[in-house]
Amino acid sequence: MSDQHTSTVTLARSIPELHATLDKAPGERSVVMTMGALHQGHADLVRAAADKAGTEGTVVVTIFVNPLQFAPNEDLDAYPRDLEGDVDLLTQTLTTESGELRVGALVVFAPTPEVIYPHGEPQITVNPGPMATVLEGATRPTHFGGVCQVVLSLMNLIQPTYSFFGRKDAQQLAIVSAMVRDLHVPTTICPVDIRRDDDGLALSSRNAYLSDEERTQALALSQSLTIAEEAARAGQTPSAIRQTALDYLTQAPGVDVDYVAIVDPDTFIELSDAALALPQPEGFQRPEYALVAVAARVGATRLIDNRLMKLA
Ligand code: AMP
């Protein structure tokens with residue numbers, strides 16, 4: 001953290017520290033929840049949060065690698081961690097050219113698992129429902145339950161007016177939006193568009209695992225979405241749009257496809273007949289926009305990407 005800004009940023013590591021800080025925090029409150037290893041995609045969420053909170057408001061950024069959303073075989077211990085670098089990036093993101101913070105306060109809440117789960121594995125859990133059983137939920141059956149558990153806990157602790165989530169994790173956005181709606185959580189969900197590198201790769205903390213060759217191979221994910229979008233623009237059916245992306249990704253070198261799906265972005269109901277997401281219930285009206293979602297392994301790294309596209 002650079003000296004110039006130290007006084008304008010508060011780092012809270014415990015719940016009493018968080019509450020002492022929030023008691024003094026001015027104005028409306030925006031929250032951005034992250035697992036750290038922050039990049040410009042996270043910075044976009046933080047800027048959007050600052051815009052909404054306003055110059056008198058407070059931005060809370062949480063940095064917590066949540067063990068409950070990792071399965072035993074996943075990369076919990078290896079997940080990149082850099083609290084000092086993260087606080088620096090956040091400070092820079094919210095500092096104006098004149099060296100002032102552009103919001104009333106920036107609070108970074110970086111708890112340990114013991115702070116969030118002081119009694120160990122929680123006894124009362126959030127059931128994220130059918131949307132959590134498909135696509136990401138099919139390969140990671142406990143993932144969204146863990147996400148909802150921590151998101152609801154952090155919303156209860158922080159009581160944000162606005163909560164920012166990236167479209168990069170489209171299924172997470174849909175599930176968290178449904179949780180907030182169904183459990184009457186008093187916050188407004190604000191989605192933020194996917195930040196990409198100039199060559200199209202969606203930014204992700206997990207990109208750090210990729211070798212140079214794998215990084216090039218990983219471009220196939222965003223390219224498959226561009227091709228799907230062209231098919232959508234050409235008026236093709238959802239099945240044909242999905243097949244176009246699947247064919248492209250299947251032949252891409254070094255890419256091991258997990259799924260390619262075309263779904264309603266709010267419900268994750270399947271729009272093609274490929275049964276990769278939830279089946280269409282009777283009376284289901286096809287939405288105006290479709291989400292094409294892809295997941296693939298490049299080397300040992302599992303990557304996801306998606307794009308919203310208008311159907312003809
Ligand atoms: P994570 O730290 O990966 O859990 O992500 C924290 C938040 O940042 C989530 O709401 C993500 O969807 C969002 N996010 C991560 N990467 C990007 C990106 N490239 N563009 C937009 N939002 C992102």
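When Thr55 is tested against the conditions (1) away from the ligand (no atom under 15 Å from the Cβ); (2) free of Cβ contacts under 8 Å to residues at least 60 places away in the same chain; (3) assigned to a helix (DSSP H, G or I), the lone failure is (3).
Against the list (1) touching a residue at least 40 places away in the same chain (Cβ under 8 Å); (2) of a type in the set (Ser, Thr, Tyr); (3) more than 7 Å from the ligand (Cβ to nearest atom), the condition Thr188 fails is (1).
Do we find a residue being without any contact (Cβ under 8 Å) to a residue 24 or more places away in the chain, within 13 Å of the ligand (Cβ to nearest atom) and crowded, with 16+ Cβ neighbours inside 10 Å anywhere in the stretch 162-175?
The answer is yes; a qualifying residue exists.
For every residue, the table says whether it meets (1) of a type in the set (D, E, K, R); (2) buried (at least 17 other Cβ atoms within 10 Å of the Cβ); (3) over 26 Å from Ala290 (Cα atoms).
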{"position": "Gln159", "(1), (2), (3)": "no, no, yes"}
{"position": "Arg181", "(1), (2), (3)": "yes, no, no"}
{"position": "Pro186", "(1), (2), (3)": "no, no, yes"}
{"position": "Gln217", "(1), (2), (3)": "no, yes, no"}
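Of the strands (runs of 3 or more DSSP E) contained entirely in the stretch 97-206, those carrying at least 1 residues that are of a type in the set (Ser, Thr, Tyr) fall at 162-166, 188-192.
Looking at Val32, Val65, can you tell me which residue is at pLDDT 95 or above and touching a Leu at 6+ places or on another chain (Cβ under 6 Å)? Spell out how you get there, then give the answer.
Working: Val65 fails: touching a Leu at 6+ places or on another chain (Cβ under 6 Å).
It is Val32.
Just checking, does the stretch 134-155 include any residue being more than 9 Å from the ligand (Cβ to nearest atom), on the phi < 0 side of the Ramachandran plot, over 18 Å from the mean Cα position of the chain (by Cα) and surrounded by fewer than 21 Cβ atoms within 10 Å (Cβ to Cβ)? Among the residues of the stretch 134-155, not one is more than 9 Å from the ligand (Cβ to nearest atom), on the phi < 0 side of the Ramachandran plot, over 18 Å from the mean Cα position of the chain (by Cα) and surrounded by fewer than 21 Cβ atoms within 10 Å (Cβ to Cβ), which makes the answer no.
Here the condition is being touching a helix residue (DSSP H, G or I) at 6+ places or on another chain (Cβ under 9 Å), among the hydrophobic types (A, V, I, L, M, F, W, C) and closer than 21 Å to Leu271 by Cα; of Val147, Val134, Val151, it holds for Val134 alone. All conditions in (1) in contact (Cβ under 8 Å) with a residue 24 or more places away in the chain; (2) within 16 Å of the ligand (Cβ to nearest atom) hold for Asp197, with the sole exception of (1).
With respect to the conditions (1) within 9 Å of the ligand (Cβ to nearest atom); (2) closer than 16 Å to Gly41 by Cβ; (3) touching a residue at least 60 places away in the same chain (Cβ under 8 Å), Leu221 lacks only one, and its number is (1). When each of Ala49, Ala37 is tested for being more than 9 Å from the ligand (Cβ to nearest atom) and touching a residue at least 60 places away in the same chain (Cβ under 8 Å), the lone residue that passes is Ala49. Exactly one residue among Thr62, Thr91 is in a helix (DSSP H, G or I), hydroxyl-bearing (Ser, Thr, Tyr) and touching a residue at least 24 places away in the same chain (Cβ under 8 Å), and that residue is Thr91. Counting the residues of the stretch 228-265 that are β-branched (Val, Ile, Thr) and within 11 Å of Met309 (Cβ to Cβ) gives 2. Out of Arg195, Arg215, Arg206, one residue alone is modelled with pLDDT under 95 and charged (D, E, K, R). It is Arg206.
Can you tell me which residues in the stretch 192-215 are in contact with a helix residue (DSSP H, G or I) (Cβ under 8 Å, 6 or more places away or on another chain) and buried (at least 16 other Cβ atoms within 10 Å of the Cβ)? Don't jump to the end; show me each part of the working.
Let us first name the residues in the stretch 192-215 that are in contact with a helix residue (DSSP H, G or I) (Cβ under 8 Å, 6 or more places away or on another chain), namely 192-196, 199-204, 207, 215.
Listed by number, the residues that qualify are Val192, Ile194, Arg195, Leu201, Ala202, Leu203, Ser204, Asn207, Arg215.
Tell me yes or no: at least one residue of the stretch 71-78 is at pLDDT 95 or above, within 16 Å of the ligand (Cβ to nearest atom) and in a loop (DSSP other than H, G, I, E, B). So far as the stretch 71-78 goes, no, none of its residues is at pLDDT 95 or above, within 16 Å of the ligand (Cβ to nearest atom) and in a loop (DSSP other than H, G, I, E, B).
The values are calculated or read from the model by the stated rules, or taken from the named source; none is laboratory data. On a predicted model such as this, the values are computed, not experimentally measured, just so you know. Please note: Cβ atoms are built from the backbone with ideal geometry, for glycine as well, and neighbour counts cover all protein chains shown.
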